[in-house]
Amino acid sequence: MSHNLQLNVEGKLKHFLTIDGLDKALLTEILDIAESFAEMSGHHVKKVPLLRGKTIVNLFFENSTRTRTTFELAAKRLSADVISMNIATSATSKGESLLDTIRNLEAMFVDMFVVRHGTSGAAHFIAEHTAPHISVINAGDGRHSHPTQAMLDMFTIRQFKPDFSTLRVAIIGDILHSRVARSQILALNTLGAAEVRVIAPKTLLPAHVQTLGVTVCHNLTEGLKDIDVIIMLRLQKERMTSALLPSENEYFKCFGLTPEKLEIAKPDAIVMHPGPINRGVEIDTRVADGPQSVILRQVSNGIAIRMAVMSMAMQTQGAV
Amino acid sequence: MQRILIEQARVIDPANSIDRTGPVYIADGKILALFEKPDGFEADSVIDASGQIVCPGFIDISTRLRQPGQSHKATFQTETKAAAAGGITTLILQPDTRPVIDTPAITELVKELAENSNYRQILPIGALTQNLDGQELSSMLALQEAGCIAVGNGGKPISNLLVLRRAMEYAASHDLLLIYRPNEHSLSNEGCAHEGAFATRYGLPGIPETAETIALSQCLELTELTGCRVHFGQISCRRSVIKIQQAQKYGLSVSADIAAHQLHLTENDMKPFDSVYHVLPPLRSEQDKLFLRKALTQGIIGSLCSDHQPHDLDAKLGAFPETEPGISALETLLPLMLKLVDEKLITLSQGIAALTRNPAKVLRLESGTLTPGKSADICIFDPGRRWQVDRSTWYSKGINTPYWGETLTGRVSATLQSGKIIFQGVFHD
């Protein structure tokens, strides 16, 4: 099975492509290591020499600010040399194939690729075809997977609610096109959450979403009952023009998180969003900036999680 | 011309309800006699077929040999050898070549390529509409006169139903068979996998069953309206079977075929992002597979095909949705049919009929039988021979098969086309 692609013979992380196929122990290890890096962020000197002399290439075939920046910062705090390439505007537009792009960079003695690509399976493909000493970290592929985002979300949840087994988590919005949601669902189920509930109109849910191990709800007011963690997803503007939704207004009315709706959830519920947020489309400003919002904490935690995953993947290659 | 005697064979000819052991006599490219030696017959060569089965050569109702236009993927030279090694003596070509088979000139070109490959029976399907665009009718009569066996959409959608209606009326006027693979493009969208649990888990754009069933339903309605003879190609799901069965009960003359891999593989067999499983129509659910199997057993769907689509390596090298769909399948057609027999789903005679008599009947071909006087298109195979799918056994230029590296059972030992031996297996054991 291609899941094992992520693990070396000792079961240690070699690539980080998806949550799928990773067990609770490994996910917990990622969270624990991230915690030690998070503590370090408060220190005066924020750098450790773990990846000194290593070259990491951020390959972004899709635009991103937050994810790319936190990956860059994470690499720099591990003392690696890091280059970010925005491929969307360079090689592939000249007709170079994905494989050729990878081969060319390999020839420059790269140790790790951090890849974001618009097509599901792209990171798997690169991991399968790249030289054996190179690690691949998936920074989001198509609708498939965004495992570091899911792990930073788990990390944030754990900071506020340490026991996953009692948690009811609602993921709200465009599940169909969301790699974040797929990874979150897998991570929450692996970590033993009591319930993962997806709340969206049918047009924004994959046809067989219940096979992912979630309960399905089409009504936000009903769906928020007893919820400990609320994860809002970004709604892409182009969904309005592809007959998935009638209008932003109607979406906000039905699925937008307002202070009134938030009251339906448990009083100590936290509100999360992978960003970037659309104020007034999926989330009310008062909620986004309110006391229950942990959205900015998610961003800071992104660095620690990415440091954890990068150092773990490099460790299996005898780098440390 | 050569006289050939095939000895000691178990002869199975579903068209004549024959299943018995005895010799087959061939002369002048035709079947001369079965079991009884004709007066004065002296064989020039003798094929010892003890332990083997002799049956009519297979008729593969959906193939692509990639010429003209894509000879980097495969050629008539390579693929006709693969067909011969698979026991196939008649190849029906889909019209989606480059350029499309939509003029007599391209049809002539295809015939010329066939002649140069020394493989006689390559019968193209002409495009139903010009360039398969679904806009304007092709010159169907001219295509038929040039040698097209039928007209078809080559899996391309025809979104304007008035065009489909007119095309079917026109085909019906000339008693042309329409070979139609139902596909509603707006529903299949940019999908690359069955809209099921697998596509959901791996975030692949899905193709719902309705992309097939809605197009099928529309075509069935127009079949009744126009009186066109229709054969549905590569049916993949449960509700298509139900609709075809209803139409047949209602009295419409419609037939259908299934690509052999659809009877064995489902979305559950797909390995994540492994592009050899990228095929259209996509590998469906377990329930769909069971229904397709039932349809074959009950004769609702009569024909099996390879839906052969050889690819070059680059075509399958990439992130799954960006790779080209299709399986190279000529050489696995017989083993996949035999697997159904082994699983007691069908009898050997039923399996052979699905590759011979049934497609012959749909296409109104004289072949597909061992009746004396007919062309000696014959497949001799060893149903128990196990072989590994690898470079040493494979003839097609496309190695894009999910069975690569696997051991399959059932291997052709010789293939005769019009009495000429076009394949003879060399086995080392």
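Bear in mind these aren't lab numbers, they're just calculated from the coordinates by the rules spelled out. As the structure is a prediction and not an experimental result, all values here were calculated from the model. So basically every Cβ, Gly included, is an ideal-geometry build from the backbone, and we count neighbours across all protein chains shown.
Apart from one condition, B:Thr356 fits all of (1) closer than 28 Å to B:Ser45 by Cβ; (2) surrounded by fewer than 16 Cβ atoms within 10 Å (Cβ to Cβ); the exception is (2).
Residues in the range A:210-219 that are more than 14 Å from chain B (Cβ to nearest Cβ) and not in a loop (DSSP other than H, G, I, E, B) were compared, and the one that is surrounded by the most Cβ atoms within 10 Å (Cβ to Cβ) is A:Cys217. Is it the case that some residue within the range B:172-186 is without any contact (Cβ under 8 Å) to a residue 60 or more places away in the chain, within 14 Å of another protein chain (Cβ to nearest Cβ), more than 23 Å from the chain's Cα centre (by Cα) and closer than 27 Å to A:Leu176 by Cα? Yes, the conditions are met somewhere in the range B:172-186. Going by what's in this entry, would A:Ala207 be described as closer than 19 Å to A:His177 by Cβ, aliphatic (A, V, I, L, M), without any contact (Cβ under 8 Å) to a residue 24 or more places away in the chain and within 14 Å of another protein chain (Cβ to nearest Cβ)? For A:Ala207, the condition - closer than 19 Å to A:His177 by Cβ, aliphatic (A, V, I, L, M), without any contact (Cβ under 8 Å) to a residue 24 or more places away in the chain and within 14 Å of another protein chain (Cβ to nearest Cβ) - is met.
Got a sec? Which of A:Ser165, A:Ser120, A:Ser97 is of a type outside the set (D, E, K, R), under 28 Å from A:His208 (Cβ atoms) and surrounded by fewer than 17 Cβ atoms within 10 Å (Cβ to Cβ)?
On inspection, the qualifying residue turns out to be A:Ser165.
What is the residue count in the range B:350-388 for residues that are over 24 Å from B:Gln234 (Cα atoms) and aliphatic (A, V, I, L, M)? Summing the residues that are over 24 Å from B:Gln234 (Cα atoms) and aliphatic (A, V, I, L, M) in the range B:350-388 gives 4. Here A:Arg103, A:Arg66 are screened, and the one residue that is surrounded by fewer than 17 Cβ atoms within 10 Å (Cβ to Cβ), more than 30 Å from B:Asp269 (Cα to Cα) and in contact with a Gly (Cβ under 7 Å, 6 or more places away or on another chain) is A:Arg66.
If the condition is being of a type in the set (Ser, Thr, Tyr), under 16 Å from the mean Cα position of the chain (by Cα) and over 29 Å from B:Val24 (Cβ atoms), then the range B:63-107 contributes no residue at all. In the range B:107-130, the residue that is farthest from B:Pro310 (Cα to Cα) out of those that are free of Cβ contacts under 8 Å to residues at least 40 places away in the same chain and buried (at least 23 other Cβ atoms within 10 Å of the Cβ) is B:Thr129. Note on the range A:8-25: among residues that are closer than 20 Å to A:Gly213 by Cβ and surrounded by fewer than 18 Cβ atoms within 10 Å (Cβ to Cβ), the one that is nearest to the other protein chains (Cβ to nearest Cβ) is A:Gly21.
Going by what's in this entry, would A:Ile185 be described as buried (at least 20 other Cβ atoms within 10 Å of the Cβ), over 22 Å from B:Leu204 (Cβ atoms) and not basic (Lys, Arg)?
Working: buried (at least 20 other Cβ atoms within 10 Å of the Cβ): yes; over 22 Å from B:Leu204 (Cβ atoms): no; not basic (Lys, Arg): yes.
In short, no.
Answer yes or no: is there a residue in the range B:287-294 that is more than 18 Å from B:Thr332 (Cα to Cα), surrounded by fewer than 21 Cβ atoms within 10 Å (Cβ to Cβ) and within 14 Å of chain A (Cβ to nearest Cβ). Checked against the condition, which is being more than 18 Å from B:Thr332 (Cα to Cα), surrounded by fewer than 21 Cβ atoms within 10 Å (Cβ to Cβ) and within 14 Å of chain A (Cβ to nearest Cβ), the range B:287-294 yields at least one hit. Quick check: anything in the range B:350-361 more than 19 Å from B:Ile53 (Cβ to Cβ) and more than 14 Å from chain A (Cβ to nearest Cβ)? Yes - at least one qualifying residue is present in the range B:350-361. The set of residues in the range B:297-324 being more than 18 Å from A:Thr130 (Cα to Cα) and surrounded by fewer than 19 Cβ atoms within 10 Å (Cβ to Cβ) consists of B:Thr297, B:Gln298, B:Gly299, B:Asp312, B:Glu324.
Which ones in the range A:107-118 are more than 8 Å from chain B (Cβ to nearest Cβ) and of a type outside the set (Lys, Arg)?
Here is the first cut: in the range A:107-118, the residues more than 8 Å from chain B (Cβ to nearest Cβ) are A:107-116, A:118.
Selection gives A:Ala107, A:Met108, A:Phe109, A:Val110, A:Asp111, A:Met112, A:Phe113, A:Val114, A:Val115, A:Gly118.
So which residues in the range A:139-170 are within 14 Å of chain B (Cβ to nearest Cβ) and outside any loop (DSSP other than H, G, I, E, B)? Please lay out each step first, then the result.
So the first thing to find is which residues in the range A:139-170 are within 14 Å of chain B (Cβ to nearest Cβ), and the list is A:140-147, A:149-150.
The answer is A:Gly140, A:Asp141, A:Ser145, A:Pro147, A:Gln149, A:Ala150.
When the range A:119-138 is examined, which residues are found to be touching a residue at least 24 places away in the same chain (Cβ under 8 Å), part of a loop (DSSP other than H, G, I, E, B) and at the interface with chain B (Cβ under 8 Å from one of its Cβ atoms)? Even if it seems obvious, please write down each step before you answer.
The initial filter retains those residues of the range A:119-138 that are touching a residue at least 24 places away in the same chain (Cβ under 8 Å), namely A:120, A:122-131, A:133-138.
Restricting the remaining residues to those that are part of a loop (DSSP other than H, G, I, E, B) gives A:120, A:130-131, A:133-134.
A:Ser120, the sole residue that qualifies.
If you take the residues in the range B:188-210 that are part of a helix (DSSP H, G or I) and within 12 Å of another protein chain (Cβ to nearest Cβ), which one is surrounded by the fewest Cβ atoms within 10 Å (Cβ to Cβ)? First the steps, then the outcome.
Step one: filter the range B:188-210 for residues part of a helix (DSSP H, G or I), giving B:188, B:197-202, B:210.
Cutting the leftovers down to within 12 Å of another protein chain (Cβ to nearest Cβ) gives us B:197-202, B:210.
Working: B:Ala197: 18, B:Phe198: 23, B:Ala199: 25, B:Thr200: 24, B:Arg201: 21, B:Tyr202: 23, B:Thr210: 16.
Only one residue fits best here, namely B:Thr210.
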